[in-house]
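Participant: Take this structure first; my questions come after.
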Amino acid sequence: MSVYTTVTAADLDAWLARYMIGRLADLAPIASGIENTNYFVTTEKGRYVLTLYERLPATELPFYLNLMAHLARAGAAVPAPEPDRTGALFSLLNGKPAGLVARIDGSSVHEPTRSHCAMVGAALARLHVASQSYRPRLANRRGPAWWRQTARVVQPFLTPEQKELLTAELEFQAGYGKGRLPKGAIHGDLFCNNVLFRDGHVAGIIDFGFAATDFFAYDLAITVNDWCRASIGEAPLDDARVAALVGAYDDLRPLTDDEHERWPGLLRAAALRFWVSRLHDLYLPRPGELTHAHDPAEFERILRDRIESPVVLSA
């Protein structure tokens, strides 16, 4: 849990005057998140999630918030941002860009079944289909250039074996062609904790802080690496869960031959991205009132497994 910028009830009540949602009734920090400060907010007229964007520059926020609005209008399971009286989707709160989105009733799952995987695969496909008509573009700030830069920063903390793995995988990914793969706006972080279920269905996909313009199959690989493992915290994938998630996705957005061919490398790229990210958060944390860093060893194991046991998609 992380709260980098503390918001008091008095701070928020004054800020909410710019909205037409009534006065503040309740404010509570959310017990998750690494990148941003999040609070549950209840007003006289509704329930919302307040996000203060700690790292994202204000110039990039329109991409994320307008994407969410676009997806919600298209019928994807995404919470809609709340506009203020001027129509703006964010403004400064305690010196940080901040915005509200509708709060979704539901809960995440920690041990996904094949049914959960199939529902998430279909929801991600709908998101990608809807995002194809979203015109703005934004380079992935956690893409290959960031991997290489961050790898140099965390190298002093690694064992010789870890350094060897990191160097070898960066070299592999640098030569791994992905140019012809379909791309558009992706979620970029569709882990189990970012999908809420209610009454046996996907109620909402949340936390678009890593959304970017990138390859759809890479987004799918990120999702599979987290949702389809044989057991919690372990690396190997469960074939039945993979088949359920990818099959449901493919029914709505059929994967191309190039995506099939490059699938093993995309799973490795997705594992590398989160291993490097977690190494950075562990060894170079930002100061926060409450902080929690995920264990990077988990994604080191996943990367080693994807290298040693390549996963091929069935036709």
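Participant: Mind listing just one residue for me: the one in the range 109-122 that is touching a Gly at 6+ places or on another chain (Cβ under 9 Å) and open to solvent by 10 Å² or more (accessible area, probe 1.4 Å) and, of those, nearest to S231 (Cα to Cα)?
Facilitator: Of everything passing the filter in the range 109-122, S115 is nearest to S231 (Cα to Cα).
Participant: Which of the following residues is at pLDDT 95 or above, out of contact with any Leu (no Cβ under 8 Å at 6 or more places or on another chain) and in a helix (DSSP H, G or I): A243, A221?
Facilitator: Selected residue: A243, the only one of A243, A221 that is at pLDDT 95 or above, out of contact with any Leu (no Cβ under 8 Å at 6 or more places or on another chain) and in a helix (DSSP H, G or I).
Participant: For a quick check of your reading of the model, give me the residue pairs whose first member lies in the range 245-265 and is within 23 Å of T113 (Cβ to Cβ), whose second is open to solvent by 60 Å² or more (accessible area, probe 1.4 Å) and of a type in the set (G, A, S), with beta-carbon atoms closer than 9 Å and at least 6 apart or on different chains.
Facilitator: Correct list of pairs: V246/S314; G247/S314.
Participant: Evaluate the following for L65: is it surrounded by fewer than 19 Cβ atoms within 10 Å (Cβ to Cβ) and either in a strand (DSSP E or B) or of a type outside the set (G, A, S) (or both)?
Facilitator: So L65 fails the test.
Participant: Another question, then. Which is over 17 Å from A125 (Cβ atoms) and outside any loop (DSSP other than H, G, I, E, B), of E261, E234?
Facilitator: E261
Participant: Quick one: in the range 293-312, of everything that is in a loop (DSSP other than H, G, I, E, B) and either among the basic types (K, R) or at pLDDT 90 or above (or both), which residue is surrounded by the fewest Cβ atoms within 10 Å (Cβ to Cβ)?
Facilitator: V312
Participant: Same structure, new question: Look at P285 and say whether it is open to solvent by 60 Å² or more (accessible area, probe 1.4 Å), out of contact with any Pro (no Cβ under 7 Å at 6 or more places or on another chain) and not acidic (D, E).
Facilitator: Judged against the criteria, P285 is a match.
Participant: In addition: Just to be sure before I move on: is G188 on the phi > 0 side of the Ramachandran plot, of a type in the set (G, A, S) and open to solvent by less than 70 Å² (accessible area, probe 1.4 Å) in the structure I sent?
Facilitator: Yes: the conditions hold for G188.
The values are calculated or read from the model by the stated rules, or taken from the named source; none is laboratory data. The structure presented is a predicted model; accordingly, all values stated were derived computationally and were not measured. Note that each Cβ is placed from the backbone with ideal geometry, even for glycine, and that neighbours are counted across all protein chains shown. For the accessible areas, the whole protein counts, side chains as well, though only heavy atoms, and no ligand, DNA or RNA atoms are used. Shrake-Rupley method; radii C 1.70, N 1.55, O 1.52, S 1.80 Å.
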